1. Quick one: which residue in Asp40, Asp33, Asp28 is among the acidic types (Asp, Glu) and in contact with a Leu (Cβ under 7 Å, 6 or more places away or on another chain)?
2. Could you tell me which residue of region 135-152 is nearest to Gly49 (Cα to Cα), considering only residues that are open to solvent by 30 Å² or more (accessible area, probe 1.4 Å) and polar (S, T, N, Q)?
3. Please verify whether region 80-94 includes one or more residues that are over 21 Å from Trp183 (Cα atoms), among the charged types (D, E, K, R), surrounded by fewer than 16 Cβ atoms within 10 Å (Cβ to Cβ) and within 18 Å of the chain's Cα centre (by Cα).
4. For region 92-139, which positions are closer than 24 Å to Asp67 by Cβ and in contact with a strand residue (DSSP E or B) (Cβ under 8 Å, 6 or more places away or on another chain)?
5. So Leu51 ticks every box in (1) touching a Leu at 6+ places or on another chain (Cβ under 6 Å); (2) of a type in the set (A, V, I, L, M); (3) open to solvent by 50 Å² or more (accessible area, probe 1.4 Å) but one. Which box is left unticked?
6. As an exercise: evaluate Gly13 against (1) open to solvent by 20 Å² or more (accessible area, probe 1.4 Å); (2) part of a loop (DSSP other than H, G, I, E, B) and give the number of the one condition it does not meet.
7. Is it fair to say Gln68 is of a type in the set (S, T, N, Q), open to solvent by 40 Å² or more (accessible area, probe 1.4 Å), touching a residue at least 40 places away in the same chain (Cβ under 8 Å) and assigned to a helix (DSSP H, G or I)?
8. Find all pairs meeting these conditions: Cβ atoms under 9 angstrom apart; at least six residues apart or on different chains; first residue within region 94-108 and farther than 22 Å from Phe20 by Cβ; second residue open to solvent by 50 Å² or more (accessible area, probe 1.4 Å) and not in a helix (DSSP H, G or I).
Amino acid sequence: MPKKIAPSFLFIGNHPVLDFINTKIAVDGKPVDLLETFPDALDWLYKAGFLNEKERVQFEQSWGNSDQGSQALEAARELRSALLTIIEICKSGENISVRQDYLETINDLLYDQVITTKLIYTDNGFVIKKRVKSQTPTDLLAPIAQSAMDLFSRNTFSLIKKCGNPECVLYFYDNSKNSTRRWCSQKTCGNRMKVMAYLERQRNQ
């Protein structure tokens, strides 16, 4: 029997918020949460570029098996649900202002954050580097909340799309030419749906 390969994080969304939403996927028609533990959340933050390797190891050693870490994991899942619901509401044309609780889920993460700012010189000139000072595990979610501000205030909701495969739950921001992207990935869902369409045409001939 072939060995099953555990699903891994996907970074196909063209935006950190959508990649974060995509940590809940569907496998064989069943929902699979890739954020099973607080270290999973740390791993995603590291792979998304919000933490460096030293920070990931440090935070896992400090909070990996703690009640605070478990609370941060639940906060991460709550944030993910709120982000997805905001997208669904706005894309449906409903008024998001009547659901302030979802916005507060984002704003609460931003309210008490402490940001350190450095001026750094690189080969390309001066740049400003900002870091969120993490005093609790939940503070680690602040960069995702900041990314949500960017996604919701600077981008077009019509370009936030769900994969055209009805069995797929993944989202992406369509920055393709003429905004014609339909699939989370051309290699997976794209090919699968094309094969299904071909077989359907063959049956109808």
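1. Numbers: Asp33 fails: in contact with a Leu (Cβ under 7 Å, 6 or more places away or on another chain); Asp28 fails: in contact with a Leu (Cβ under 7 Å, 6 or more places away or on another chain).
So the residue among Asp40, Asp33, Asp28 that is among the acidic types (Asp, Glu) and in contact with a Leu (Cβ under 7 Å, 6 or more places away or on another chain) is Asp40.
2. At the first step, the residues of region 135-152 found to be open to solvent by 30 Å² or more (accessible area, probe 1.4 Å) are 135-136, 138-139, 146, 149-150, 152.
So of that shortlist, the ones also polar (S, T, N, Q) come out as 135-136, 138, 146.
Details: Gln135: 19, Thr136: 19, Thr138: 17, Gln146: 14 Å.
Ranking the candidates gives Gln146 first.
3. No, region 80-94 has no match at all.
4. Keep residues of region 92-139 that are closer than 24 Å to Asp67 by Cβ, which gives 104-106, 108-114, 132-139.
Across region 92-139, the qualifying residues are Gln113, Val114, Val132, Lys133, Gln135, Asp139.
5. (3)
6. Condition not satisfied by Gly13: (1).
7. On the way: of a type in the set (S, T, N, Q): yes; open to solvent by 40 Å² or more (accessible area, probe 1.4 Å): yes; touching a residue at least 40 places away in the same chain (Cβ under 8 Å): yes; assigned to a helix (DSSP H, G or I): yes.
Yes: the conditions hold for Gln68.
8. none
The values are calculated or read from the model by the stated rules, or taken from the named source; none is laboratory data. Remember, it's a predicted structure, so these values are computed and weren't measured experimentally. Using ideal geometry, Cβ is built from the backbone for each residue, glycine included, and neighbour counts are taken over all protein chains shown. For the accessible areas, the whole protein counts, side chains as well, though only heavy atoms, and no ligand, DNA or RNA atoms are used. Shrake-Rupley method; radii C 1.70, N 1.55, O 1.52, S 1.80 Å.
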